[in-house]
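Reading through the structure tokens given below for one structure.
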Amino acid sequence: MHISVMGELDSKADVDRLLESIDENCDCEIHLTFLDANVVPREIVEKIVKLKEHNKCKIFVLKAYLYSYFLSLGISCFLVKKKSILNKDFESKEKLSSQTFEPEKVEKFLWDIYDKYGFDFTEYRKDSIIRRIKISMLRYCMTNFDEFSHLALTDQDVFEKLFLDFSINTTNFFRDPEVFMFLREKVLLFLDSYSHIRIWCVGCSNGKEPYSLAIILKELGMLHKVQIYATDINPYVIEEAKNGLYSVSTINTDIANYKKSGGSKNFTDYFEVNGNYMKVKDDFKDNILFFQHSVIEKGILNEFQMILCRNVMIYFDIPLQKKVLRHFYNSLDSGGFLVMGKSEGMLLNNGYEYFADYNEKYSVYRRKH
């Protein structure tokens, strides 16, 4: 049986229809091809795992992102590569690295991306943007920026890969565990006096940070009165976060980080471990709202008691950092907490106009009255 899936599976009706089609009781082998999806819902992943266990399924994908996602969960699949869109030889990395990118052209390209695709990178650090443009150009063996920019604006697949290059998604459970220890022992216990607590995780990536926070809140007996808003500009990592499925390949590091953050229970008690992957238990999902959102968009999401924005602003130009800090000031309750990354500070962007040090070592600040 051959089944081809077009588009992202973003409705319950689509998911239910596919689940009915890939019945593990079927006598024949199922060949399942995902043409456009970058991430598939958890129910589909778990059904595929069951089929794989009985050697009843072969998976074919056209998107490299989905291919990597499946492999991280221990699901073997085949990546169907499209025929190269270019008919030219790669000239050399050296030629590309020596080229000078005119700032005006890069700026225009970013505005064109915003106009066509709706993603605003116009105030990101240009050195970081150019570095990632070069990475994407190397993928297509291109050394001419004008040719590449035209291609990215006319070919959705090319832009999609560039967008993923722009979106940095490095994360771990309890990353920088000493920071989580400080939040556990100081900040969260202070917030426990509130009857309802709202926390915003900015740039949440695939969800490991908000889930780490939820585990601590559970252990402190506070999770029932907390709503975590977890956002990221990248819609694919948001779907990964909603799935709550993670590779067990990093479990030793995860356990070590959890212990260093003050955890005293078994880290795996919060997951269902299934072979090559582990699944976050459902009782955490009611308190975390995952959705795509750009921190530089206008409008206040809510009034929060704490905002975590770690290792996000290092990719912004100074003027954008100032705007975002003002946005955080307006989004926080009086005396609310802002947690930033270790290499991020307040000195270069007038942050002390809005925030005061609470713990400089761990980059924790409080909103000024």
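The values are calculated or read from the model by the stated rules, or taken from the named source; none is laboratory data. Computed from a prediction, not measured in an experiment: that's the story for all the values here. Note that each Cβ is placed from the backbone with ideal geometry, even for glycine, and that neighbours are counted across all protein chains shown. Just the protein is used for accessible areas: all its heavy atoms, side chains included, with ligands, DNA and RNA removed. Shrake-Rupley method; radii C 1.70, N 1.55, O 1.52, S 1.80 Å.
Of the candidates Leu138, Leu183, the single residue that is within 30 Å of Ser264 (Cα to Cα) and of a type in the set (A, V, I, L, M, F, W, C) is Leu183. Where strands (runs of 3 or more DSSP E) fall entirely within the range 283-363, those with at least 2 residues that are under 20 Å from Asn206 (Cα atoms) and hydrophobic (A, V, I, L, M, F, W, C) are at 288-292, 304-309, 332-340. In the set (1) closer than 30 Å to Arg125 by Cβ; (2) at pLDDT 90 or above; (3) part of a helix (DSSP H, G or I), the condition left unmet by Val39 is number (3).
Scanning the range 171-214 for residues that are among the polar types (S, T, N, Q), surrounded by fewer than 24 Cβ atoms within 10 Å (Cβ to Cβ) and in contact with a helix residue (DSSP H, G or I) (Cβ under 8 Å, 6 or more places away or on another chain) yields a count of 3.
Conditions (1) modelled with pLDDT under 85; (2) closer than 23 Å to Leu164 by Cα, marked per residue:
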{"residue": "Lys47", "(1), (2)": "no, no"}
{"residue": "Lys50", "(1), (2)": "no, no"}
{"residue": "Tyr65", "(1), (2)": "no, yes"}
{"residue": "Leu71", "(1), (2)": "no, yes"}
{"residue": "Phe78", "(1), (2)": "no, yes"}
{"residue": "Ser84", "(1), (2)": "yes, yes"}
{"residue": "Glu91", "(1), (2)": "yes, no"}
{"residue": "Phe101", "(1), (2)": "no, yes"}
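None of Leu32, Leu9 is closer than 24 Å to Ser247 by Cα and either modelled with pLDDT of 90 or more or open to solvent by 70 Å² or more (accessible area, probe 1.4 Å) (or both) except Leu32.
Residues in the range 125-139 that are open to solvent by less than 70 Å² (accessible area, probe 1.4 Å) and closer than 15 Å to Leu164 by Cα: Ser128, Ile129, Ile130, Arg132, Ile133, Lys134, Ser136, Met137, Leu138.
A search for C-beta distances below 9 Å between a residue of the range 323-337 that is touching a residue at least 60 places away in the same chain (Cβ under 8 Å) and any residue that is open to solvent by less than 10 Å² (accessible area, probe 1.4 Å) and part of a helix (DSSP H, G or I), counting only pairs 6+ apart in sequence or on different chains, returns Phe337/Leu183; Phe337/Val187; Phe337/Leu191.
Consider the range 260-288 and keep the residues that are surrounded by 14 or more Cβ atoms within 10 Å (Cβ to Cβ) and more than 21 Å from Leu73 (Cα to Cα). The one that is nearest to the chain's Cα centre (by Cα) is Ile288. Contact map, the range 212-228: residues that are under 15 Å from Ser264 (Cβ atoms) paired with residues that are buried (at least 24 other Cβ atoms within 10 Å of the Cβ) and of a type in the set (Val, Ile, Thr), Cβ distance under 9 Å, separation 6+ or inter-chain. Pairs shown: Leu217/Ile199; Leu217/Ile228. Pairs are defined by a Cβ separation below 7 Å, a sequence spacing of at least 6 or placement on different chains, a first member in the range 307-321 that is at negative phi, and a second member that is open to solvent by 40 Å² or more (accessible area, probe 1.4 Å) and in a helix (DSSP H, G or I); the pairs so defined are Ile318/Leu348. Determine, yes or no, whether Gln292 is open to solvent by less than 20 Å² (accessible area, probe 1.4 Å), of a type in the set (S, T, N, Q) and under 24 Å from His196 (Cα atoms). So Gln292 fails the test.
Only one of the listed residues (Leu347, Leu332) is at pLDDT below 90 and either farther than 19 Å from Pro177 by Cα or in contact with a helix residue (DSSP H, G or I) (Cβ under 6 Å, 6 or more places away or on another chain) (or both). That residue is Leu347.
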